Amino acid sequence: MIYTIEKANLVATQLKKFTTGYAHHVVGQYANIDFWLEEVITAQRTIDAYRYRFNDMRDAQKEWVEKHDTQVFSYCHICRGKCELIGDNPLPPSPPKRMSSAVLDTTRKELVNAMYYFLTRCYRMGLLNDIQLKQKCDRIGTSIDPSDLET
Ligand SMILES: [Zn+2]
């Protein structure tokens, strides 16, 4: 699992735990809401900039391989290493694989939802008012479904 996805999932898992916890635990976590909002926003930025970081990584690797004529042996699962049958058959290393945008999108959505459900639970408990809820949802780029606010 790549860093970008793990980071977002870690924050989302934490928020889901808060959301389903006892009321007195929810209150305690809401006291740190600005910290958790920053964690979500940082993880969102990490996802949004992934493709730029990936391109830089791929280009730097490609340049190095071309400049140094880098070659690697392909791993043989039968020989558990360099293949005894085909012998030395070095090839340029294959380029890194990009994480699919579908996975990135799903991860981002789950992260935002996790914060959204935490915030709406806090709202139903009376920890924040309509304006505060709207401001916090705006910061993470999500809208509010009125049916989530009914107690
Ligand atoms: Zn082999």
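The values are calculated or read from the model by the stated rules, or taken from the named source; none is laboratory data. What you are looking at is a predicted structure, and each value in this text was computed from that prediction instead of being measured. Every residue, glycine as well, gets a Cβ built from its backbone with ideal geometry; the counts of neighbours run over all protein chains shown. Each accessible area value is taken on the protein alone, full model and side chains, heavy atoms only, with ligands, DNA and RNA left out. Shrake-Rupley method; radii C 1.70, N 1.55, O 1.52, S 1.80 Å.
Just wondering, is there one or more residues in the stretch 56-64 that are under 25 Å from Asp148 (Cβ atoms) and small (Gly, Ala, Ser)? Within the stretch 56-64, none of the residues are under 25 Å from Asp148 (Cβ atoms) and small (Gly, Ala, Ser). Using the structure shown, decide if Trp36 is touching a residue at least 12 places away in the same chain (Cβ under 8 Å) and either outside any loop (DSSP other than H, G, I, E, B) or aliphatic (A, V, I, L, M) (or both). The answer is yes for Trp36.
A quick yes/no check of all residues on (1) outside any helix (DSSP H, G or I); (2) open to solvent by less than 40 Å² (accessible area, probe 1.4 Å); (3) free of Cβ contacts under 8 Å to residues at least 12 places away in the same chain:
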site	(1), (2), (3)
Lys67	no, no, yes
Ser74	yes, no, no
Pro95	yes, no, no
Ala102	no, no, yes
Arg108	no, no, no
Gln135	no, no, yes
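With respect to the conditions (1) open to solvent by less than 50 Å² (accessible area, probe 1.4 Å); (2) within 16 Å of the ligand (Cβ to nearest atom); (3) among the small types (Gly, Ala, Ser), Gly21 falls short on a single one, namely (2). Hey, among the residues in the stretch 76-93 that are loosely packed, with under 11 Cβ neighbours inside 10 Å and either within 27 Å of Arg51 (Cβ to Cβ) or of a type in the set (Asp, Glu) (or both), which one's modelled with the highest pLDDT? Result: Leu91.
Being of a type in the set (Lys, Arg) and under 27 Å from Met57 (Cα atoms) holds for only one residue in Arg98, Arg121, and it is Arg98.
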